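Report on the following structure.
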Amino acid sequence: MQELELKSSNLDYRTKEAFKTLRTNIEFSGENVKVICLTSATPNEGKSSVSFELAVSFAQNGKKTLLIDADLRKSVMKSKYKKGIVRNGVTNVLAGRAEPEEALCHTDIPGLYMMFAGPVPPNPSELLGNAIFRKLVEDARKNYDVVIIDTPPIGSVIDAAVVARNCDGIIIVMECGAISCHFAGKIKEQLEAAGVRILGCVLNKVNLSGKGYYGKYYGRYYGKYYGKYYGNYGNGE
C-alpha cells in the first residue's frame, strides 16, 4: 500500500454541509447501500468532483471509505487531487499486472483510501466487465464501510452501466441546463434496462441568482455560496 498526500480542495463550511446532506440522503437509501457508483450524462458535469468530496465526507464521518477511479478513459482524479507518484492503478490490477494492494493508496485524510485509474487501456469496457473487477468490488465490500466508484459519462460510453451491475446503486450527476429532459429520460431508461438501481440525481452548477421567486429567495440566501462552488465544477468531469 502506498501513502499518498492529497491536494486540498479548500471547501467552505456551507459546501461541506451540502455534501453532508448528500451523504445523509444516501445513508437513508437503505442499510444495504454500501457500494455506490457515480456517473454523469455528458463530460464536464462535475461527477469526479462530487465522487471525491462525497468520499471525503463519508471518511470524515468515521466511515472507512474506498474511492475507486473507474474512469479508465479520461481520469481527472490523478491530476486534480493527488501529489506525488502512484505506481499502479485500477488498469494494472484488471490487466493482471498488479495486486489490488499494490494499487491501493492510504491518503492523508483519516479513513480515506483511493485507487486511481492507471494507464489508459485499449479495452476499458472489457476490463471493467471481467471477473477481476467483480472480485475487486466484492473484496472492497467486505473490507470497507463505504465504496464510491467514479465512472465515465453514461451518455458517452457504456462503462458506467457495466460497473453499476456490481454496485448497490448509481447516482447521476447532471449540470443544470446542459441536457434536455428527453436525453435525461433516455439515460434513465438505459440504466433501468441494465438492471441498475438509480439512487437519485445530483443537480450541479445551478445558477440561483436568476429572476423569479426562487431566484430571488435562494439567490439571496445561498447565491454567494453556490455561485462560487458550482462555478468551479466545469474544470473536471
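Numerical summary
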{"read-out": "Qualifying residue in the stretch 44-60 (condition: more than 18 Å from Asp150 (Cβ to Cβ) and assigned to a loop (DSSP other than H, G, I, E, B))", "value": "no"}
{"read-out": "Pairs with Cβ under 6 Å, 6+ apart, first in the stretch 139-162 and within 19 Å of Met77 (Cα to Cα) and in contact (Cβ under 8 Å) with a residue 24 or more places away in the chain, second part of a helix (DSSP H, G or I) and of a type in the set (Gly, Ala, Ser)", "value": "Val147/Ala140; Ile148/Ser51; Ile148/Ala55; Asp150/Ser48; Asp150/Ser51; Thr151/Ala160; Ile154/Ala160; Asp159/Ser125"}
{"read-out": "Positions within the stretch 3-59 being loosely packed, with under 15 Cβ neighbours inside 10 Å, out of contact with any strand residue (DSSP E or B) (no Cβ under 9 Å at 6 or more places or on another chain), in contact (Cβ under 8 Å) with a residue 60 or more places away in the chain and of a type in the set (S, T, N, Q), in sequence order", "value": "Ser9, Asn32"}
{"read-out": "Neighbours by Cβ (under 9 Å, 6+ apart or cross-chain): first from the stretch 183-195, in contact (Cβ under 8 Å) with a residue 12 or more places away in the chain; second of a type in the set (S, T, N, Q) and surrounded by 14 or more Cβ atoms within 10 Å (Cβ to Cβ)", "value": "Phe183/Thr42; Ile187/Thr39; Leu191/Thr39"}
{"read-out": "Of all residues in the stretch 156-166 being in contact with a Lys or Arg (Cβ under 8 Å, 6 or more places away or on another chain) and not aliphatic (A, V, I, L, M), the one that is surrounded by the fewest Cβ atoms within 10 Å (Cβ to Cβ)", "value": "Asn166"}
{"read-out": "Residue satisfying all of: in the stretch 64-83; in contact with a strand residue (DSSP E or B) (Cβ under 6 Å, 6 or more places away or on another chain) and part of a loop (DSSP other than H, G, I, E, B); modelled with the lowest pLDDT among these", "value": "Tyr81"}
{"read-out": "Hits in the stretch 84-107 - residues which are under 19 Å from the mean Cα position of the chain (by Cα) and assigned to a loop (DSSP other than H, G, I, E, B)", "value": "Gly89, Leu104"}
{"read-out": "Counted residues, the stretch 165-198 - those being part of a strand (DSSP E or B) and closer than 26 Å to Ala131 by Cβ", "value": "4"}
{"read-out": "Residue tally, condition among the aromatic types (Phe, Trp, Tyr) and either in contact with an Asp or Glu (Cβ under 6 Å, 6 or more places away or on another chain) or under 13 Å from Leu4 (Cβ atoms) (or both), over the stretch 57-94", "value": "1"}
{"read-out": "Scan of the stretch 179-195 for residues that are acidic (Asp, Glu) and under 12 Å from Ala164 (Cβ atoms), ordered by number", "value": "Glu192"}
{"read-out": "First in the stretch 87-101 and polar (S, T, N, Q), second anywhere and part of a helix (DSSP H, G or I) and buried (at least 19 other Cβ atoms within 10 Å of the Cβ), Cβ under 7 Å, 6 or more apart", "value": "Asn88/Ala103; Thr91/Leu127; Asn92/Ala103"}
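The values are calculated or read from the model by the stated rules, or taken from the named source; none is laboratory data. Worth saying up front: this structure is predicted, and the values here are computed from it rather than measured. Cβ: placed from backbone, ideal geometry, glycine included. Neighbour counts: every protein chain shown.
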